[in-house]
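Step one of this worksheet: look at the structure below.
The values are calculated or read from the model by the stated rules, or taken from the named source; none is laboratory data. These numbers were taken from a predicted model, which means no experiment stands behind them. All Cβ positions, even for glycine, are placed from backbone atoms using ideal geometry, and neighbour counts span all protein chains on display. Just the protein is used for accessible areas: all its heavy atoms, side chains included, with ligands, DNA and RNA removed. Shrake-Rupley method; radii C 1.70, N 1.55, O 1.52, S 1.80 Å.
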Amino acid sequence: MSEKYLIGIDNGGSEIKCAVFTLDGRELAVASRRLPIEVPQPGWSERDSLEVWQKSAEAISEALDRADINGADIAGVGLTGYGNGFCLVDETGTPTYKAIVSTDERADDICTEFATNGVERAIYPLTCQSTWAAQPIALLAWFKRNKPEALEVSRWVLGIKDWIRYKLTGEFTTEITEASSTCLCNLHTRQFDPAIFRAAGIDDCFNLMPRIIGSTECGGYVTAEAAEATGLAEGTPVVGGFFDIDACEFASGVADTETLCLIAGTWSINERLATTANTDYDQNKNTVTLGYRPGYFNVEESWPTSASNFDWFVTNFLAADRPSSPRSRIYEECNKAVGALNPADSQVIFVPYLYGASYPSGADACFLGLTSYTTRDHMILAIYEGVCFSTLWNVHQLVGNDLAGRRVRLSGGVSKSHEWTQIMADVLGVPVETLANTELGCQGAAMAAGVAVGAYADYDDAIAHSVRVGEIVEPRPAYVDLYRQKFAAYERALEALRSFGRKE
């Protein structure tokens, strides 16, 4: 009998990735495809659903080729992707409108309306969530008012990974962790709730929601047509999978309520498992969804205040005059420069709000404390530090100010830089553990497939066999106090922004 492998497919906001893993968690091969976002009007984010499937199929085929294995050797396929947004399809699975991406803002006014007219308050005990523009609750209300013809010819509302599951299996289903993020799901019954639809004025949309399956439940089997397109074997099980934040948490080995999962990539995603969820609207502070582990909730504090801010600086100030230099070389140079600096030598503060603010609302990014002594390297250090300060600010919202005894698992672009990870450990004041694999979303999805097909006995067994810890970085005692002082200056900068520029 040949060795068996697992595949995870991650449909992200800008890129599709497919990775092949051994049962002991080794990442054999990764293939990716970038997908442009169409912006037909300001604030809209769409793309062609059929192109999403085509590129996904290409990534699967290439990953198998790169791993040099046969599709018949794949024991199971797991799926993950961005939550929210949706794909509208008819009863034959034909798209009836472009796929809406999770960055879409067309329904922003409806969310404001829900917050002011009492809808959000009324449904909060069931959903444990505030609404935001790309959630299906807001998008369905927007389509009902502005494009009812699209809803009239639609039979199903699918998440992005539900769409890929349908194309692989021919089955229309959704998955519980993704369903829990739609603000249409009762987190206590774990089902779509007609009362929520009635409160939002979209009760006639209830029948558009597909059956909810478990994360490690088989959602169908690869069809002959999908096998031809991907190189997978007909009959291969395809499981529910996870909302991407849950997939990363699973692949990070987070299995208790004390461990923090920090994903410092394009966004700063900070999350933990919890056994209870707040149902008091007036005490609403964090985003709550269902956790990847049955019986747990996932509590999240996330903002676009991470490595994307550094990429902006690289693109506009470092790479513009060096078009022939590989970006990886520029990153290496920045890491070297930051590693050579003493953090005490610079008081420059960077607030990483280029793409949105955590606090105060509406604030913009800025450098503070520039002097004639300031160099380019000081500004790079300030960006590294500012991203870590924003992470700490969000972690405080998540678990309070005392991090003593907390275990931290870090992934994303920041974790690939030892220098940046060191600053994160110094700022948090606790050891930071990185992960050996790079595609944690894909790995978490693949691990779900492994549980479903019996390669692992349960979630804990999957973690024990698959999660591979990389570098463990200890905080430097000499810098912990220094960074407490710098973080205090960062908080003063946030307060200063309350009276500058756009108002709250």
Q | Residues whose placed amide H lies under 5 Å from that of Ile213, excluding near-sequence neighbours | A | Thr174, Glu175, Ile176
Q.
Ratio of alpha-carbon Rg to the 2.2 N^0.38 Å globular estimate for region 416-504, to two decimals, please.
A. 1.62
**Q.** Top positive-direction residue, dipole computed over the chain with Cβ charges, set Thr391, Ser181, Asn70
**A.** Thr391
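Within the accessible area of region 100-243, what % is carbon and sulfur when the probe is 1.4 Å and the other protein chains stay in place?
Working: 2450 of 5150 Å².
So the carbon and sulfur contribution to the accessible surface is 47 percent.
With the other protein chains left in place, how much accessible area per residue, in square angstrom, belongs to the chain at a 1.4 angstrom probe?
Numbers: 19840 Å² over 504 residues.
Solvent-accessible surface per residue comes out at 39 Å².
Region 148-245: which GluC sites (Glu not before Pro) are DSSP loop and have at most 14 other beta-carbon atoms within 10 angstrom?
On the way: sites: Glu149, Glu152, Glu171, Glu175, Glu178, Glu217, Glu225, Glu228, Glu234; in loops: Glu171, Glu217, Glu234.
In loop regions of region 148-245 (DSSP not H, G, I, E or B), the sparsely surrounded GluC sites (Glu not before Pro) are Glu234.
Quote to one decimal, in nm, the extra length available between Ala457 and Asn70 on full extension: 0.36 nm per residue of separation minus the C-alpha distance between them.
Working: separation 387, 0.36 × 387 = 139.32 nm, distance 2.50 nm.
Full extension from Ala457 to Asn70 adds 136.8 nm.
Just round it to a whole percent: the fraction of Cα-Cα distances in region 349-504 exceeding 18 Å.
Values: 7887 of 12090 pairs.
Every Cα pair in region 349-504 considered, those over 18 Å come to 65 percent.
Is there a pair in Lys17/Lys55; Lys4/Lys416; Lys98/Lys167 whose C-alpha atoms are over 19 Å apart, and which pairs would that be?
Lys4/Lys416
Excluding Val469 itself, what net charge comes from residues whose Cβ is under 13 Å from its Cβ, given Lys and Arg +1 and Asp and Glu -1?
Values: positive: Arg407, Arg409, Arg468; negative: Glu433, Glu471.
That works out to +1.
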Q. Say a paramagnetic label sat at a point 7 Å from the Cα of Ile472, along Cα to Cβ; which residues of region 239-275 have their backbone N under 20 Å from it?
A. 250-263
Q | Neighbour cut-off at most 11 other Cβ (10 Å), DSSP loop, trypsin sites (Lys or Arg not before Pro), region 277-350 | A | Lys285
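Hey, can you list the DSSP H helices of the chain whose Cα span along the axis is 24 Å or longer and whose average Kyte-Doolittle score is at least -0.5?
Working: long enough: 49-67 (27 Å, -0.30); 376-399 (35 Å, 0.54); 477-497 (31 Å, -0.24).
Span-like helices, by this rule, are 49-67, 376-399, 477-497.
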Q.
Tell me the accessible surface of Ile263 in square angstrom (1.4 angstrom probe, heavy atoms of protein chains only), to the nearest ten.
A. 20 Å²
Q. Which percent of the accessible heavy-atom area of region 22-97 goes to carbon and sulfur, probe 1.4 angstrom?
A. 45 percent
Q. Per residue, what volume in Å³ does the convex hull of the Cα atoms of region 1-143 enclose?
A. 146 Å³
Q: Please check the chain for the longest run free of chymotrypsin sites (Phe, Trp or Tyr not before Pro) that are loop-located per DSSP (anything but H, G, I, E, B) and have at most 14 other Cβ atoms within 10 Å.
A: 1-372
**Q.** In order through region 22-35: 3J(HN,Hα) via Karplus (6.51 cos²θ - 1.76 cosθ + 1.60), integer Hz, x for Gly, Pro
**A.** 6, 5, 9, x, 6, 8, 7, 7, 9, 10, 9, 9, 8, 10
Q) Expressed in nm², what is the orientationally averaged projection area of the convex hull enclosing the Cα positions of region 59-161? A) 9.1 nm²
(Q) Ignoring ligands, DNA and RNA, please state the percent of accessible area on region 364-448 from carbon and sulfur, probe 1.4 Å. (A) 48 percent
